[in-house]
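Step one of this worksheet: look at the structure below.
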Amino acid sequence: MLSRFMTWTGLSGAVRAIGLCVALLAGVFGTRLARADDPAPTRIYVIELNGEFGYDISQTPIRQAMRDARDNNADVVIVKIDAKWERDEYQPLPDNAANFDELFRAQKIMPIFAEELQRDWPKQPRVVMWVKRAMGGPAFIPFVSPEIYFTSDAKVGGVGGIGVMLEGKGDEVVRQKQYSLRMARAEGFLIRSGYDPKIINAMCRPGYQLTYRMEGGRPVFFSRAPERPDEFALTSGEMKDSMEEVVRGTTKSVLTLNADTARAIGVSKGTADTQDDLIFQLGLSKNSQVIDGKSKRIMEAWKRDINNATRDIKKALQDLGQGQEGAGGNSYEARTQMRGKQTRLLDDIIAKLKRFEEAFGPRWHGVNQVPPIQQFELRREEIGLQQLVDKK
Amino acid sequence: MNIAIRRLVTGLAFSLVLGAGLMMPMAQAEAAGRAKVTLKDGSVVEGEIVREAEGIIWLKVKSGKTDETRMIAPTEVSKVERDVTDAETVAKPLDKPAEAAASATPAPAVAPAPTPGAGDEPKARKPGSGAPRAAVLTLGEGDGKDMVGVYVMAKPLHDAIPLLKAEGVDIVVFRVNSGGGALLEIQKLSDVIYNEYRKNFRTVAWVDWAISAAAMTSHAMEEIYMTPEGAYGACTGWSGELVAVKDMDLEKILFQMEKISTRGNHDPKIMRAMQIMEPLSATVSPQGEVTFYQDTTSGDILLNPKDRVLTFNSQTAAKVKFSAGTAATLDELAKAMQLPEVEWVGVKKPGYIWPICKAEQMQMDFREKTARDEQQFQEYVQILNAALQMGSSGSEETKAKLAGKAREMMNKIMAAINNNPNMALFQFNIMPEKFREEWVEPTEKKIKELTKKEKK
């Protein structure tokens, strides 16, 4: 409306007067006219998921960000995924490295973009997944949406291992049970959004051969090797990749989706390297508005809080150790005081471990050499008992 | 002195379920004599009756030069003609599988598939529009509150029935979200679903995640719907370090599930492929009849390759009509259930896509209490252990204080187990009926020893 009004003001006096009247009328019936003639811009909310999956990328901040999107009346939520895929800060993992069981971690996050939308949003937003790197657990997340876009250097995969991950453990029939239930869950995620579940089989199961050809502009999949010139193999059907393939990033024992492959088989709707480009491809460039939401702050606050909690826990552990060294105090009062201090430290550790339980998985405990919470609880109880039986 | 917390659950749990299996109230007749069974597809099977249970007939038939035993489900049977000279009491030919079931299985547990709404007690008058009233009950809710035998139990389901009746419920939808659990609870759950729920309500399963014991539990229901991401199967029994149930124990659980398959009117080959590495294929006739084959080649649709264990996803389940439909929401479910009108009973609560009826609130409260007990249980055991350990030395006064603390914790543990007896199994690896003998008495003895020394 504003642009139209400004055009009118540039006209001659009489016309300008009429224009003003129209503008005033428009003010009176503003809402109605605005809807009829000039729809409100589509409100776009952007959430960026980057860092370590399960630690930086976790359900609590994502849920908070989605609530903020809802409170900001977002019509479209763009979720950009760029998760770390490395053994440590110096060693990136190859494409065929596998971490299938992060599926169960992803499972905690995916409902935020599915059931919780149905449940908590008055009007369902359009959720667009925009992927740069989604290897391991994050690979499952984009499939929660029927709209996935890739960056030109994107990779989605790292979930091979079905059929081999439990090798050497227990009986074959139990291993098969474990593989079967995992695959069914992963297939379900794809089915929900309308993708062919064979794709996830190719991504997860070494030795599974997947071929496709285009029919009527749509890919048709076959669980076998190519049989015609217009058919293309997505996986090799081999159980393992050669060192040469690993080094060159051309592994094919399991499927790793890149921008071209994903586009070809209909997983990706398009390739976009910038937000503007993505918004253009979504058909929203003419009338949209990117909301200045809190998602970035929410994600940063989460990372800061868990890092602070990690530091505080390690410090408390150190203090606890020092306290124990001087545990043989001479007086009852000194011993009581020392136990009080230790109990407070333990309470603090336990509270932080509980608060950030979702991010403090086995790997975190291992890396930071923090024992499981039960040990702290036990220690606290022991101190209570020591105090109970101590004498002045 | 230390009383270790052990969670070697499934081994004992399995033993327990097998025990329960032997004591199942399901009637089995060691039948004899010859029979001629006409199947619905028109074919006739003739042979010696080896056994009968719940309408299932096991016939020893000639197969080449050898004999083989064939199991025939009631759903396959059109007519049974028996050798009257062998058994006068079962002389009357039975025309319907339901009649066969009723005849072969006189106990209440084996009644023919109950008619919905044919309950013993009159239901409360329905409020509202007169549309059928449906309630959602959850079997597990994920996030650690889903284990069959701990969070999914027969008793709270049984206790919920009066509440459902009081709310005038006609249809019970079991929303399944469980990754499995203890086999010991399956028969009890199957019994309560089959004998109590299906007798009183139209009872359906709406499956999101029914794995292992959860699928085996759901199998007593005939009408199954899936969520789009739903999964159902992977029912292999195991314990410890992925060690499979084998030999006689395996045969027993396979047999148990054959019978439960009959309750749900499911072809037993399906469950078999979910339990062991048996292939499964199926053909859907133009008339919509589905025939299952325990191989990879006879059917048009390969459901389970050899050397694999079957888990259905929503697509495969629908394709072979194992599921009656796929639904993500209550509206979609009502549509799939062909309910043009339905009144969902309960109050809307944040965080749930279905209203919470009183019976469901009861399940939620039960799970909450169990979770709390489970969490505190660890603390009780830890304090008890620490008290016993510290009491091994020290003055008499110290020992007396510690004995008091240990007793306090023991009482709390006993109260938790009294509330949920299966916790004995899951926390101590002790069968509930042996808990007193194997845990309480030795613990009491240890506590008394502390005080005894004090008197010396």
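If the stretch A:298-389 were replaced by its equivalent ellipsoid, with semi-axes equal to the square roots of 5 times the Cα gyration tensor eigenvalues, what would those be, largest first, whole Å?
Those come to 28, 12, 11 Å.
List the trypsin sites (Lys or Arg not before Pro) within the stretch A:259-300 that DSSP assigns to loop and that have no more than 15 neighbouring Cβ atoms inside 10 Å.
Qualifying residues, ordered by number: A:K286.
When the Cα atoms of chain A are enclosed in a convex hull and the volume is divided per residue, what value in Å³ results?
Hull volume over Cα atoms, normalised by residue count, gives 237 Å³.
Which entries of B:K40/B:K269; B:K145/B:K401; A:K108/B:K335; B:K155/B:K434 have Cα-Cα distances beyond 26 Å here?
B:K145/B:K401; A:K108/B:K335
Under the definition of partner shielding as Cβ atoms of other protein chains within 10 Å of a residue Cβ, what is the mean value for peptide B:230-243?
Per residue, the average neighbour count from other chains is 5.
Could you compute the longest span of chain A free of chymotrypsin sites (Phe, Trp or Tyr not before Pro) located in DSSP loops and having at most 13 other Cβ atoms within 10 Å, not counting the site residues?
A:91-392
About its Cα centre, how strong a charge dipole does the stretch A:42-293 have in debye, to the nearest 20, once Lys and Arg get +1 and Asp and Glu get -1 at the Cβ?
720 debye
What do you get for trypsin sites (Lys or Arg not before Pro) in the stretch B:207-264 restricted to DSSP loop and a cutoff of at most 13 other Cβ within 10 Å of the site's Cβ?
B:K246
For the stretch B:378-395, take each phi angle, set θ = phi - 60°, evaluate the Karplus expression 6.51 cos²θ - 1.76 cosθ + 1.60, and give the result in whole Hz per residue in order, putting x for glycine and proline.
Rounded to whole hertz, the list is 4, 5, 4, 5, 5, 5, 4, 4, 5, 4, 5, 5, 5, x, 5, 9, x, 6.
Taking 0.36 nm per residue of separation and subtracting the Cα-Cα distance, what length does fully extending A:D260 through A:Q322 add?
The A:D260-A:Q322 span can extend by a further 16.6 nm.
Taking a spot 7 Å from the Cα of B:A371 along the direction of its beta carbon, which residues of the stretch B:146-170 have an amide N less than 15 Å from it?
Only B:146-148, B:150-152 pass the distance filter.
So, in nm, how far is label A:R224 from label B:T283 when the simple model puts each one 7 Å beyond its Cα toward the Cβ?
Here the modelled spin labels are 1.9 nm apart.
Taking the Cα centre of the stretch B:163-286 as origin, sum charge times position over the Cβ atoms of Lys and Arg (+1) and Asp and Glu (-1), and report the length of that vector in debye to the nearest 20.
260 debye
Of A:K269/A:K294; A:K392/B:K448; B:K199/B:K369; A:K132/A:K240; A:K84/A:K155; B:K399/B:K446, which ones are farther than 20 Å apart at the Cα?
Distance filter (> 20 Å) returns A:K269/A:K294; A:K392/B:K448; B:K199/B:K369; A:K132/A:K240.
Could you give the size of the charge dipole of the stretch B:262-323 about its Cα centre, using +1 on the Cβ of each K and R and -1 on the Cβ of each D and E, expressed in debye and rounded to the nearest 20?
Around 180 debye, computed over the stretch B:262-323.
Can you pull the mean other chain C-beta count within 10 Å for peptide B:302-311?
So the per-residue partner count for this stretch is 4.
Just so you know, all these numbers are worked out from the coordinates, no wet-lab data involved. It should be emphasised that the depicted structure is a prediction, and the values quoted were computed from it without experimental measurement. Please note: Cβ atoms are built from the backbone with ideal geometry, for glycine as well, and neighbour counts cover all protein chains shown.
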